[in-house]
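Worksheet: the structure to be examined is printed underneath.
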Amino acid sequence: MTLSLVQRLTLSMVLLTTPACSGVVVTLYRGLQQELVRRDEQTLINRAEQIHQLLLDGAPPQTLPRYFNRMMDTRQDILVIQPLRGEIIVMNRTGVALPAHFSRLAADSGVVRHLVSGDGADISLLRIASQAEAAPLVLTVARVARSRGEMLADYRQLSLVVCAVAIMLCLVISPLLIRRGLRAIRVLSRMTENTRSGQLGHPLPVSAMPRELLPLGKALNTMRARLAGDFSRLTQFSDDLAHELRTPLSILLGQNQVTLTQVRTAAHYQRVLEDNVEELEGITTLIDNILFLARADNQNVVLHCQPLRAGQVLEDVCDFLAPLAEEKPLTLALDGVLDRVLHVDKLLLQRAVTNLLTNAIRHAPPGSVVRITAQHQPSSVTIEVANQGAPLADTGLLFRRFWCADDARHTPGTGLGLSLVSAIARLHGGSAGYYHRQGNNVFFIRFHPPSSEVPCSIYSVTKPPG
């Protein structure tokens, strides 16, 4: 059975209250006991000094019982006068007999001893040496702890009752106070439960929350902000995806409808089918890219990492895109730390560099140079692709899905290339970015591979314009 939070806190309060009450009762009981013993001892000392003074003043020992009845409590006090010669005088109305060995105790002035009688009664006893009529004697004054025991017994009983009442009150009142204290959690839960998608951008009011709940409230607001951003991106992504899919689907639908309006030749049908295949291939590529980005966001992409020389990957990509550069015409220049070894997925790295280089070739002015550079820092390797051009606007949106700059509206592409580059970089624990330098737009991928010093070399490949 799982206990609720209120039950757990109540049980904790009871477990804390019980030893606390017990400790207080024991401490007070011992303090009271010691104080009562101290008072009894002081009373015995005072009475013994008074009787001793009476004897020194010449009072006969036979008259002392009369003074004893007025000075002491006969229900619990005992007086014994032991002359060296003569009859022993005993005043004992307590009903408790002194132990037989008390008469052998030394007569030490001011020293109170504690004895136990045959029936288990606690006795405080004081023996002093005195004299009467020039004859030495021993004066014994004792007190039976009867009244003290009754008082302590009453105190113990009352303390147990008080402890039981305190524990019961704790058991009854604690749940009420705890529920009142947890009201803020219920309010927070109700506010969270009633949150709708349109309210994610509005943070929860945490200023009125108890200090203990502030971390939870701030964490919930952080989560709401992230969910709001994710929901906004998902909504925008859905709108962009619908827009991107609607255009090729509309083309396919319209083209097929026009073709079916009348009988066509076999060659015409073949051209229509070829156009359809081309559009479907574009849609397939778009869907594959979208699925890859979705898996990358959820870290659901299996990386087949292997040690690769950066220069070899860049050379392969340059050779693959050389015909595209020749059509422009453009010059591809490759240099930097090409012998640096990266521990990456080869296909994904080639895909990322291909996207960056394709964009650079597409937007670079004819006759210019597109430069691919591999740079080595102590803790990272950066691959840069630079092409001539004016600084780009809206740099914060460059890696956003389906986003295209104004000068790219009439160029082919779906706006997913840079998003794929950024996703591939994040999968490898790196990052992607952009900056403008000396008339060149520079896009880069930065990796953080295991560092090992590898000799550097310069390699340049130039494709002349066609």
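What pairs come up if the first residue lies in region 128-151 and is acidic (Asp, Glu), the second is not in a strand (DSSP E or B), and their beta carbons are under 9 Å apart, counting only those six or more places apart or on different chains?
Glu133/Leu55; Glu133/Gly58; Glu133/Pro60; Glu133/Pro61
Against the definition (under 30 Å from Phe68 (Cα atoms) and touching a Gly at 6+ places or on another chain (Cβ under 7 Å)), how does Ala97 come out, yes or no?
Numbers: under 30 Å from Phe68 (Cα atoms): yes; touching a Gly at 6+ places or on another chain (Cβ under 7 Å): yes.
So Ala97 fits the description; yes.
Are any residues in region 110-123 closer than 30 Å to Gly23 by Cβ and either part of a loop (DSSP other than H, G, I, E, B) or not assigned by TED's automatic domain parsing to the domain that holds Ser22 (or both), and if so, which ones? Please lay out each step first, then the result.
Of all residues in region 110-123, those closer than 30 Å to Gly23 by Cβ come to 112, 114, 116, 120-122.
Scanning region 110-123 gives Gly120, Ala121.
Does any residue of region 306-314 turn out to be of a type in the set (Gly, Ala, Ser), surrounded by 14 or more Cβ atoms within 10 Å (Cβ to Cβ) and touching a Pro at 6+ places or on another chain (Cβ under 7 Å)?
no
Which of the residues belonging to region 53-64 are exposed (fewer than 15 other Cβ atoms within 10 Å of the Cβ) and closer than 17 Å to Ile88 by Cα?
First pass over region 53-64, keeping only residues exposed (fewer than 15 other Cβ atoms within 10 Å of the Cβ): 53, 56-58, 60, 62-63.
If the condition is that a residue be exposed (fewer than 15 other Cβ atoms within 10 Å of the Cβ) and closer than 17 Å to Ile88 by Cα, then Pro60, Gln62, Thr63 are the ones that fit.
Got at least one residue in region 13-31 being more than 25 Å from Ala134 (Cβ to Cβ), at pLDDT 80 or above and touching a Gly at 6+ places or on another chain (Cβ under 9 Å)?
No: region 13-31 contains no residue that is more than 25 Å from Ala134 (Cβ to Cβ), at pLDDT 80 or above and touching a Gly at 6+ places or on another chain (Cβ under 9 Å).
Within the group Val96, Val80, Val37, which residue is at pLDDT 80 or above and assigned to a strand (DSSP E or B)?
Exactly one residue qualifies, and that residue is Val80.
Which residue, of Ser232, Ser238, Ser207, Ser250, is of a type in the set (Ser, Thr, Tyr) and within 30 Å of Leu182 (Cβ to Cβ)?
Ser207
Run down Gln270, Gln262 and say which single residue is modelled with pLDDT of 85 or more, not in a helix (DSSP H, G or I), not hydroxyl-bearing (Ser, Thr, Tyr) and not assigned by TED's automatic domain parsing to the domain that holds Gly429.
Testing whether each residue is modelled with pLDDT of 85 or more, not in a helix (DSSP H, G or I), not hydroxyl-bearing (Ser, Thr, Tyr) and not assigned by TED's automatic domain parsing to the domain that holds Gly429 leaves just Gln262.
Got a sec? Which of Ala242, Ala219, Ala225 is within 22 Å of Asn289 (Cβ to Cβ), assigned by TED's automatic domain parsing to the domain that holds Leu293 and part of a helix (DSSP H, G or I)?
It is Ala242.
When you scan region 301-384 for strands (runs of 3 or more DSSP E) that lie fully inside it, which ones turn up with 3 or more residues that are within 27 Å of Asp288 (Cβ to Cβ)?
In region 301-384, the matching strands (runs of 3 or more DSSP E) lie at 305-309, 341-345.
Would you be able to tell me the number of residues in region 335-365 that are surrounded by fewer than 19 Cβ atoms within 10 Å (Cβ to Cβ) and within 18 Å of Ser431 (Cβ to Cβ)?
The qualifying residues number 2.
Please state which one of Ser109, Ser147, Ser117, Ser159 is at pLDDT below 90, under 60 Å from the mean Cα position of the chain (by Cα) and hydroxyl-bearing (Ser, Thr, Tyr).
Every option except Ser147 fails the conditions.
Could you check how many residues of region 319-340 are within 30 Å of Ser379 (Cβ to Cβ) and of a type in the set (Val, Ile, Thr)?
Number of matching residues: 1.
Taking the criterion of being part of a loop (DSSP other than H, G, I, E, B), over 15 Å from Ala48 (Cα atoms) and either not assigned by TED's automatic domain parsing to the domain that holds Leu54 or not hydroxyl-bearing (Ser, Thr, Tyr) (or both), would at least one residue in region 124-133 satisfy it?
Yes - at least one qualifying residue is present in region 124-133.
Within region 366-383, track down each residue that is among the small types (Gly, Ala, Ser), more than 17 Å from Arg437 (Cα to Cα) and either buried (at least 18 other Cβ atoms within 10 Å of the Cβ) or touching a Lys or Arg at 6+ places or on another chain (Cβ under 9 Å) (or both).
Of everything in region 366-383, those that are among the small types (Gly, Ala, Ser), more than 17 Å from Arg437 (Cα to Cα) and either buried (at least 18 other Cβ atoms within 10 Å of the Cβ) or touching a Lys or Arg at 6+ places or on another chain (Cβ under 9 Å) (or both) turn out to be Gly367, Ser380.
The values are calculated or read from the model by the stated rules, or taken from the named source; none is laboratory data. Not measured: the values here are computed from a predicted model. Cβ: placed from backbone, ideal geometry, glycine included. Neighbour counts: every protein chain shown.
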